[in-house]
1. Can we say Ser479 is small (Gly, Ala, Ser), assigned to a helix (DSSP H, G or I) and at pLDDT 85 or above?
2. Scan the range 227-239 and give yes if some residue there is assigned to a helix (DSSP H, G or I) and touching a Phe, Trp or Tyr at 6+ places or on another chain (Cβ under 6 Å), otherwise no.
3. Do we find that Tyr339 is at pLDDT 80 or above, within 17 Å of Gln388 (Cβ to Cβ) and in a strand (DSSP E or B) in this structure?
4. Of the numbered conditions (1) closer than 25 Å to Leu404 by Cβ; (2) modelled with pLDDT of 85 or more; (3) small (Gly, Ala, Ser), Ala269 fails exactly one; give the number of that condition.
5. Just the residues that are charged (D, E, K, R) and buried (at least 20 other Cβ atoms within 10 Å of the Cβ), please, taken from the range 251-276.
6. Which members of the range 72-115 meet the condition of being over 19 Å from the mean Cα position of the chain (by Cα), part of a helix (DSSP H, G or I) and of a type in the set (Lys, Arg)?
7. For the subset of the range 272-298 comprising residues that are assigned to a strand (DSSP E or B) and at pLDDT below 75, which member is farthest from Ser223 (Cα to Cα)?
Amino acid sequence: MSPLNLFEYTWEKPLPNSLKKDGKFETFMDDIWKARPKAENWYSEEIDEAETDKSKQRFIRFRSNEFSPRNYVGVIRYDNTEINLLPKIFYKDSYKENKEKPSPEEIQNIHLHILYWLSYNKKIRFPKSLSDFKSIKIEGFFEILILMFATYTRDAMNRVLYQNYHDINQDNQFIKGRLDVNGYIKNNITTGNWQRITCDYDTFDIDNRFNRIIKYVSKMLLSHTENDTSQKLLYEIVFLLDDVEDVQMTYDDCEKVHLNPFYKELNAALDYCKLFLSNSMVYSYKDEFEVFAFLLPMEKIFEDFVGGFLKENPKTENENDSNVEIDKWNIQTQKSNVYISEHPEKVFQMKPDIYLEKIDQILIIDTKYKILKGNDYKKGVSQGDMYQMVSYGIRYEVEKIVLLYPTTIDDSTDSKNPISEFIVKDEFATLNPKEEIQKKQKINIRVHKLPIICEYKEHKNNYMDLKEKLDKQISTRLSKILQKV
């Protein structure tokens, strides 16, 4: 199966024959959109003005004989067609009109970048290192994720197999636990089966919700991986859970599992399952695993990456070897205690992506997963984004705000930062009680690009080299940003 590589918001034509059949592919995409869980609110409910049907999927746009991915990355497999959806920040002008196509090395580089960004996502606690996989040839982002899940879960379950107490309601020949009077009357006395006694009791065994989730996900992934190592590991997991019932599980089932501290190393395996079963999801379609989509919204990946990086790196280093100590800042993501209007009711809640605060300073960082284009002073910053930042400045009474955009593959990591700066006079600033005249507050909005990508030639697709390089250049840029606060 030769994959079709598509970048966000680029049009591909003609539509492959396997996707044209009676509009079934569009129906498949609509079905997985409607069936998506609402976990963590990753999927936007916003629709284009031209769209009136909220049940229509927002993953791919179709028109006549062509189609275009929207703001999702990942993989879709349908009727012997595999589509890789890739981040737009890796798109080169040379790819236009199919003059050039991304090489296998470039595709692998993109997939490793996605894994790197996800490694700082606080919703996912999977192991950060791929150093053990250097000698294994893996093609495709999804295959790497499967191998990571299979390796970690098999090793963890070899050390400790999860068992716990769970409730059983069952008919027995004798009383065990507590007699279920209502169940006994309804199910047995009224049917003449006096000898069968309905009881409630606890049992301590391997057949529990957590293990059912692990087994279900493992069997599902077996249907999709072509890597021999992953298949072997997944078969071993399924064998270990042979006594566990085969039941279809969902993201909601994952949310109901609460592991006690003795099994804390299994939390990462559970997070993998949430990744595979939630809004970043493997979709089974009509109880079959032959077709599926694994899709992640890039806006949330970029936002969560920046917040996670700041929290996980207590110090950022600049090129002069001086440090900016992040741990002196109180860092909050999606701070949501302020509303645009509070009378007569609190409405229009505000949620800046990252809110940093220390003794005498406050900084708001808002991430925008957009490509900045423009040679004028605006530098491509939209009017809507500026309105939003001014609203943050007024309602949070913040003087300094950073708009943070990602670099693209054609940008230089040494490009001028900030690339633009805007000063807004806040005429609504409140009267300072210590002064006799009204204070005219100024809101300083700086626009920066964060260097979150690099060419594969700089690390030769070695994940640990990639991580080391990106950690350093991102720390350097964040250091410059915070030093100017």
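1. no
2. Checked the range 227-239: no residue is assigned to a helix (DSSP H, G or I) and touching a Phe, Trp or Tyr at 6+ places or on another chain (Cβ under 6 Å).
3. So Tyr339 does not fit the description; no.
4. (1)
5. Lys274, the sole residue that qualifies.
6. Residue satisfying the conditions is Lys96 alone.
7. Met281
Residues are listed down the side, and each one gets a yes or a no for (1) surrounded by fewer than 12 Cβ atoms within 10 Å (Cβ to Cβ); (2) among the hydrophobic types (A, V, I, L, M, F, W, C):
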residue	(1), (2)
Asn337	yes, no
Glu345	yes, no
Leu356	no, yes
Asp360	yes, no
Lys368	no, no
Asn375	yes, no
Gly380	no, no
Tyr396	no, no
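The values are calculated or read from the model by the stated rules, or taken from the named source; none is laboratory data. As the structure is a computational prediction, the values presented were derived from the model and not from experiment. Neighbour counts run over all protein chains shown; Cβ positions are idealised from the backbone, glycine included.
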